[in-house]
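See below for the structure under consideration.
The values are calculated or read from the model by the stated rules, or taken from the named source; none is laboratory data. Remember, predicted model here, so these are calculated numbers, not experimental data. As a convention, Cβ positions derive from the backbone with ideal geometry for all residues, glycine included, and neighbour counts pool all protein chains shown. What goes into the accessible areas is simple: the full protein's heavy atoms, side chains included, and nothing from ligands, DNA or RNA. Shrake-Rupley method; radii C 1.70, N 1.55, O 1.52, S 1.80 Å.
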Amino acid sequence: MSMTFDYDLDYRYMRSMFWGRTFGLFIRKLREKKGYSVEEATRLAGIEAQSWVAIEAGRAPGKELLESVADALEVDHQVIARLVVFCQDAWDD
């Protein structure tokens, strides 16, 4: 049995998953360090729980959403912005 792979596609997918999950893990760890549940964090951020869960899962958040997350976690916006730059491979096409 022979299998073929599109290595370029697999590499991009894996890179995207790695950096997206790294970003999400960082946000989750910040939330947990503050002792917040997802529900508490979303209330403080003024966003829907599914949006927060999506960020922790590695989905690309917009600028306003990132600012709300930073505010809820009491983290400087520049820290979150640097993390986005660091993990940008997750959301590049």
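Among the GluC sites (Glu not before Pro) within region 36-70, which fall in a DSSP loop and have no more than 12 other Cβ atoms within 10 Å of their own Cβ?
For GluC sites (Glu not before Pro) across region 36-70 that sit outside H, G, I, E and B with at most 12 neighbouring Cβ atoms in 10 Å, the list reads E48.
Using a 1.4 angstrom probe, figure out how much accessible area region 27-93 has per residue, in square angstrom, rounded to the nearest whole.
63
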